[in-house]
Amino acid sequence: MSATLGTFLSILQPDWSIRIFERLGDVAGESSNPWNNAGTGHAALCELNYMPEQPDGTVEASKAVAINEQFQVSRQFWSYLVENGDIPDPSTFINSTPHMTFVRGEKNVEYLRKRYEVLRDEPLFEGIEYTEDPAVIYEWAPTLMRRRKKDELVAATRITAGTDVDFGSLSRHLFDFLTSRGASLKTEHSVTNLKRQKDGTWNVSVKELVGSTPTTVNARFVFVGAGGGALHLLQKSGIPEIRGFGGFPISGQFYRTDNPAVVAEHRAKVYGKAAVGAPPMSVPHLDTRVVDGEPSLLFGPYAGFSPKFLKKGSWLDLPGSIRAHNLGPMLAVARDNIDLMKYLIGELLAGKKKKFAALQEFMPTADPKDWYLITAGQRVQVMKKDADRGGVLQFGTEVIASADGSIAGLLGASPGASTAVPIMLDVLERCFPDDYLRWVPQIRTMIPSFGTRLTDSPATARKVLSSTAKALHLAS
């Protein structure tokens, strides 16, 4: 998020100075690290939680279409940067990977069929395929079907134009671009406090982690893109807009294999359905990942709990975030999410054998000797005030900005990085309203569909999808 916003500002307002502070020894070491996220390239092509079945049995596509629209905005911006020579070979961060959904059982098959019927005429989902034929599924992803019971009802969808994205690599490319244009990047520097001055600027207290005296930097605008650490910093800023917000941290694990023989058999991202009571981010999926040019497979996630807000955070992160103004919403969330608590407790108590059995439900031939557990990044879900229930748990992202636009930050997680570009365009509009009007023509050169909906014009959607696929060297 920070890299994306900085890149926009560097292009749109090159005379402004940009200073970046990173607590770790390198950028993109937390949630943007490729092993800390699934790198799906969230386009709602395979993620069922964007199209839940309603109580009356209907399935509605608006949220899935909106997520896809946002991802296409990101793809256009990345394409512009590649074509302009601002970031290098796109295969270092994005690669073609079919997106599939795989379900079992009569009820789930019926649901997936209805989902396909709704999506097949949507311009952004052109080319979606559906089958209940085990032989066809075997052709698409043989590991799903090998040794599976012949009488088991199964169904799958596939879109070959899906992608795998290494957001760590992309973030590093963007920061390299920024520093090449004069931005200052300081790693191993922690921001410890934010204090508004009488003139509306901000004093940013920065501490070098090894050996230096704390310093203060004065800024006209501050963006807090600190992942799970953003809540604490926004609370320290004292802006009223952060009142009532809390964070609920969820950790996770994935099974990973790098065995070339196993990896070669499965080239797709395959999503299933979440267990009853499970949060949306726990949807099981068997994913091809390409990191540093090398493919691997991930399966998960297995949810867990840690009070840390960052993978390399503090055990006091959660209790240290509690304030009088957010205690009520947090207690209301606890009251209304008993199923989630039961699910997390069940996940925490699950042993390796039970976890591996979940992988074998997807991939019956999975052999324990080929797989090992890795710990994923922390997700801090947003808890906020709600007029009716007192507080709600939100499974998306939330931009918090001061009324004067001098500071902004991002809370939440999914779908996160895939929609970084439209989210940061929103930050630009909210925080720099006068400049934004002046910037719009240049934004349109970078994002041709800016201000429109691709889904309203099949011809335009087809053209944009084709042009970005060509620029990013992807299957169209």
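The values are calculated or read from the model by the stated rules, or taken from the named source; none is laboratory data. Nothing here was measured: the structure is a model prediction, and the numbers come from that model. Cβ coordinates were reconstructed from backbone atoms using ideal geometry, including for glycine residues, and neighbour counts include every protein chain displayed.
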- Item | Hits in region 28-56 (condition: on the phi < 0 side of the Ramachandran plot, free of Cβ contacts under 8 Å to residues at least 60 places away in the same chain and buried (at least 20 other Cβ atoms within 10 Å of the Cβ)) | Y50
- Item | Those residues of region 346-370 which are in a loop (DSSP other than H, G, I, E, B) and closer than 17 Å to P301 by Cβ, in sequence order | A350, G351, M363, A366
- Scope region 402-419; condition assigned to a loop (DSSP other than H, G, I, E, B) and either in contact with a strand residue (DSSP E or B) (Cβ under 7 Å, 6 or more places away or on another chain) or at pLDDT 95 or above (or both); matching residues: S402, A403, D404, G405, S406, A413
- Can you work out which of the residues in region 421-471 that are among the aliphatic types (A, V, I, L, M) and without any contact (Cβ under 8 Å) to a residue 24 or more places away in the chain is surrounded by the most Cβ atoms within 10 Å (Cβ to Cβ)? V440
- Query: What single numbered condition from (1) aliphatic (A, V, I, L, M); (2) modelled with pLDDT of 90 or more; (3) touching a strand residue (DSSP E or B) at 6+ places or on another chain (Cβ under 9 Å); (4) more than 30 Å from N203 (Cα to Cα) fails to hold for L340?
  - Reply: (2)
- Message: Just to be sure before I move on: is S31 more than 22 Å from I137 (Cα to Cα) and hydroxyl-bearing (S, T, Y) in the structure I sent?
- Response: yes
- R75 fails exactly one of the following numbered conditions: (1) more than 26 Å from A28 (Cα to Cα); (2) at pLDDT 95 or above. What is the number of that condition? (1)
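Within region 261-282, can you find the residues that are assigned to a loop (DSSP other than H, G, I, E, B) and either under 14 Å from P142 (Cα atoms) or at pLDDT below 85 (or both)?
Residues satisfying the conditions are E265, H266, R267, A268, A274, A275, V276, G277, A278, P279.
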- Message: If a residue must be outside any loop (DSSP other than H, G, I, E, B) and within 18 Å of I400 (Cβ to Cβ), how many such residues does region 235-260 contain?
- Response: 10
- Message: On the basis of being part of a helix (DSSP H, G or I) and out of contact with any His (no Cβ under 6 Å at 6 or more places or on another chain), does L373 make the cut?
- Response: no
- Message: Restricting to region 377-401, give me the number of residues that are closer than 16 Å to H325 by Cβ and in a loop (DSSP other than H, G, I, E, B).
- Response: 1
- When you go through V103, V65, V73, V59 one by one, which is the residue that is among the β-branched types (V, I, T) and without any contact (Cβ under 8 Å) to a residue 60 or more places away in the chain? V59
- Message: Checking the structure you have, find out if any residue of region 200-218 is under 18 Å from F362 (Cβ atoms), in contact with an Asp or Glu (Cβ under 9 Å, 6 or more places away or on another chain), in a strand (DSSP E or B) and not charged (D, E, K, R).
- Response: no
- Message: Under 9 Å between Cβ atoms, which residue pairs at least 6 apart in sequence (or on different chains) link something in region 16-27 that is free of Cβ contacts under 8 Å to residues at least 24 places away in the same chain with a partner that is of a type outside the set (D, E)?
- Response: W16/L9; W16/S10; W16/R220; W16/F221
- Message: Looking at L349 and the list (1) surrounded by fewer than 14 Cβ atoms within 10 Å (Cβ to Cβ); (2) within 27 Å of F254 (Cβ to Cβ); (3) touching a helix residue (DSSP H, G or I) at 6+ places or on another chain (Cβ under 9 Å); (4) not hydroxyl-bearing (S, T, Y), which single condition is not satisfied?
- Response: (3)
- Go through the residues of region 375-392 one by one and say whether even a single one is over 20 Å from G229 (Cα atoms), touching a residue at least 12 places away in the same chain (Cβ under 8 Å), among the hydroxyl-bearing types (S, T, Y) and surrounded by fewer than 16 Cβ atoms within 10 Å (Cβ to Cβ). no
- Do the conditions hold for R158, that is, is it in a helix (DSSP H, G or I) and either within 23 Å of the chain's Cα centre (by Cα) or modelled with pLDDT of 95 or more (or both)? no
